[in-house]
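The values are calculated or read from the model by the stated rules, or taken from the named source; none is laboratory data. Just so it is clear, the model here is predicted, and its values are computed rather than measured. Quick reminder, even Gly has a Cβ in these numbers, built from the backbone with ideal geometry, and neighbours come from all protein chains shown.
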Amino acid sequence: MRVAFIYPPVFKDGKIPLLGQNRQFKYTHSGEIKIFPLIPAQAVSILKRDGNEVLFLDAINRGMAVDEFEKELKKFNPELVVLETKTPIIKFHWEWINNMKPQMKNTRFAITGDHVSFFPEESIQKSRVDYVISGGDFDISLSILVKHLQGKSAMPSGIYYRDGMEIKNTGRALLYDNLDSLPFIDRDLTRWDIYGEAYLYRPCAYILTGRGCGREGKEIGGACTFCIWQHAFWQRKARLRSPKNVAEEIEMLVKKYGVYEVFDDNESGAVWSKLWLEGFLAELEKRRLKGKFIISSNARAENLTEEKCRLMKAIGYRLLKVGLEAGTTDSLRRIGKLETIEEIKENVKRAKRYGFRIMLTMMVGYPWEDVKDVKQTYKAAKELMLYKTHFGDSLQASIVMPYPGTPLYRDAQNNGWLTDDGMDYEMMDMEHDILKSNYDNAYWCRKMWNIHKHPLFLLKSFLTLNNKRDIALALRGIKSLIGHNKDY
């Protein structure tokens with residue numbers, strides 16, 4: 001079959017939508033955020049392996065105009081078009097499908113993503129889409145759906161479709177355990193080199209060591225009530241690829257594409273598993289890959305123990321992206337973080353003593369907080385940013401966004417925390433106050449972003465610049481910071 005996985009162009013007042021591989025959606029002035037959509041890229045790689053003709057058309061990150069995008073799509077003449085969507089942009093995608101359906105009469109349309117995993121029937125009711133693919137392993141489900149359309153397989157689980165006037169489904173989406181069986185992402189097909197973020201050295205490439213937010217010794221993983229992927233995609237379960245399989249992919253990236261930095265965009269990376277880190281280190285030593293690349297990763301603060309920090313240092317980890325989220329233990333517990341503020345600060349400081357660069361993420365606008373609480377978040381962020389600062393330390397601040405279907409959104413409904421905007425999908429773009437807040441969210445976001453401008457932070461960062469790569473990264477960081485300040 002001819003299958004196209006697409007992101008149609010959509011822009012808002014000169015701002016770029018952050019859609020692919022984003023747990024949170026916003027429009028931004030920063031042109032330095034191009035996150036590689038890993039599950040969609042895996043999807044088209046599986047389809048190509050299976051002998052299909054495949055088009056991967058990310059018009060957003062390629063900066064394509066509407067006419068250029070539609071011309072390339074129609075020239076390919078797909079039999080199936082697949083879109084990834086998210087709450088704030090789903091109405092646009094419904095309208096786009098409705099407009100394109102008469103123009104592409106021999107084409108079927110499918111939609112996937114975290115929102116439709118919670119509300120699969122809604123898209124069939126409100127658009128002319130043919131299939132809704134629910135669940136996080138939609139790359140695998142899509143490949144089975146294509147085989148079904150070719151008459152080679154039964155329809156996979158987690159598919160919703162129209163049968164006359166009736167909406168039918170194949171039950172709850174499954175999670176597949178053997179991630180090692182998937183082919184490596186076809187980097188040429190997916191144009192890997194156009195992606196990257198301000199805080200990553202170039203050339204950079206994104207990988208997934210697994211799927212789901214893991215916790216050492218716990219069968220159930222991440223519990224954060226705001227995290228739509230844990231609840232819509234991964235059923236709060238964590239699965240890892242084997243250290244050998246990941247090392248093989250990195251070896252290919254380094255030798256074939258000259259990749260210098262690898263970013264593991266798995267929710268808590270693989271660093272939650274001491275056994276995995278030990279196996280990965282052994283694989284790198286066996287392949288003589290140590291020192292040939294650097295790796296950065298998402299990480300829960302609770303995993304930054306002495307033993308794991310030693311292992312990560314030996315492997316060659318550089319930057320760890322850690323969720324601070326709030327500055328009080330009360331707020332952390334309310335959002336399911338399972339860590340106290342003191343534990344987070346202690347572990348982040350330990351990681352910084354080991355020389356890791358830290359990117360903190362935090363949110364403002366919790367409806368139970370007042371100004372004294374958000375001041376604590378600012379204070380904690382400032383304390384950690386100024387502690388043993390090295391060039392490359394950074395932070396991200398945003399307004400808390402509870403998407404429909406998440407536990408936090410249900411809490412908001414039950415407690416009367418939603419504003420009028422909290423009923424409108426299009427307003428859930430991190431520019432509007434979805435939750436009732438007791439302070440100025442935009443002001444506190446700006447204030448936190450501006451910690452980057454603190455004289456001591458600037459001085460320490462400048463004094464630890466080491467090479468041309470650092471200078472290039474610094475210039476991208478400045479451009480990105482300017483864009484983020486415009487956002488708020």
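Against the list (1) farther than 30 Å from Ile294 by Cα; (2) assigned to a helix (DSSP H, G or I); (3) in contact (Cβ under 8 Å) with a residue 60 or more places away in the chain; (4) not hydrophobic (A, V, I, L, M, F, W, C), the condition Ser480 fails is (1). Does Thr329 satisfy being under 21 Å from Asp265 (Cβ atoms), surrounded by fewer than 18 Cβ atoms within 10 Å (Cβ to Cβ) and of a type in the set (S, T, N, Q)? No, not satisfied. A single entry from Phe36, Phe76, Phe56 fulfils the requirement of being assigned by TED's automatic domain parsing to the domain that holds Ile144, over 15 Å from the mean Cα position of the chain (by Cα), under 19 Å from Ile207 (Cβ atoms) and modelled with pLDDT of 95 or more: Phe56.
Here Asp137 meets each of (1) closer than 22 Å to Asp58 by Cα; (2) at pLDDT below 95 with one exception, condition (2). When the stretch 132-168 is filtered for residues that are in a strand (DSSP E or B) and farther than 30 Å from Asp180 by Cβ, the ones remaining, listed by number, are Tyr161, Arg162, Asp163, Glu166, Ile167, Lys168.
Condition check ((1) of a type outside the set (D, E, K, R); (2) touching a residue at least 60 places away in the same chain (Cβ under 8 Å)) across all residues:
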| position | (1), (2) |
| --- | --- |
| Gly196 | yes, yes |
| Tyr199 | yes, yes |
| Pro203 | yes, no |
| Ile207 | yes, yes |
| Gly210 | yes, yes |
| Ile220 | yes, no |
| His231 | yes, yes |
| Trp234 | yes, yes |
| Arg239 | no, yes |
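When residues in the stretch 208-239 are screened for being outside any loop (DSSP other than H, G, I, E, B), crowded, with 23+ Cβ neighbours inside 10 Å and touching a strand residue (DSSP E or B) at 6+ places or on another chain (Cβ under 7 Å), 2 of them pass. Selection within the stretch 299-320: residues that are under 18 Å from Arg202 (Cα atoms) and free of Cβ contacts under 8 Å to residues at least 60 places away in the same chain. The member of this set that is farthest from the chain's Cα centre (by Cα) is Gly316. Restricting attention to the stretch 434-446 and to residues that are buried (at least 19 other Cβ atoms within 10 Å of the Cβ) and more than 22 Å from the chain's Cα centre (by Cα), the residue that is nearest to Thr377 (Cα to Cα) turns out to be Trp444.
The one condition from (1) out of contact with any helix residue (DSSP H, G or I) (no Cβ under 9 Å at 6 or more places or on another chain); (2) surrounded by 17 or more Cβ atoms within 10 Å (Cβ to Cβ) that Val146 does not meet is (1).
Pairing each residue of the stretch 169-188 that is in a strand (DSSP E or B) with any residue that is surrounded by 11 or more Cβ atoms within 10 Å (Cβ to Cβ) and of a type in the set (Ser, Thr, Tyr), provided the two are 6+ apart or on different chains, yields C-beta distances under 9 Å for Asn169/Ser134; Asn169/Ser157; Asn169/Tyr160; Asn169/Tyr161.
Entry remark, the stretch 390-410: residues being of a type in the set (A, V, I, L, M, F, W, C), surrounded by fewer than 24 Cβ atoms within 10 Å (Cβ to Cβ) and within 12 Å of Lys26 (Cβ to Cβ) number 1 in total.
So that you can scan it fast, the table gives a plain yes or no per residue for (1) farther than 16 Å from Thr377 by Cα; (2) in contact with a strand residue (DSSP E or B) (Cβ under 8 Å, 6 or more places away or on another chain):
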position	(1), (2)
Asn298	yes, yes
Leu304	yes, yes
Arg310	yes, no
Ala326	no, yes
Ser331	no, yes
Thr340	no, no
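Would you point out the residue of the stretch 182-200, among those that are closer than 17 Å to Val44 by Cβ and hydroxyl-bearing (Ser, Thr, Tyr), that is nearest to the chain's Cα centre (by Cα)? The residue in question is Tyr195. As for the stretch 280-293, it holds no residue that is in contact (Cβ under 8 Å) with a residue 12 or more places away in the chain, buried (at least 19 other Cβ atoms within 10 Å of the Cβ), part of a loop (DSSP other than H, G, I, E, B) and under 21 Å from the mean Cα position of the chain (by Cα). With the condition kept exactly as written, say whether any residue in the stretch 443-457 is aliphatic (A, V, I, L, M), in the same structural domain as Thr377 (by TED's automatic domain parsing) and at pLDDT below 95. No, that holds for no residue.
Among helices (runs of 4 or more DSSP H) entirely within the stretch 21-131, having at least 3 residues that are at negative phi and β-branched (Val, Ile, Thr) singles out 38-49.
Only one of the numbered conditions (1) surrounded by fewer than 17 Cβ atoms within 10 Å (Cβ to Cβ); (2) under 24 Å from the mean Cα position of the chain (by Cα); (3) of a type outside the set (S, T, N, Q) is not met by Gly135, and that is (1). Checking Ile89, Ile97, Ile133 one by one, the residue that is touching a Phe, Trp or Tyr at 6+ places or on another chain (Cβ under 6 Å) and aliphatic (A, V, I, L, M) is Ile97 and no other.
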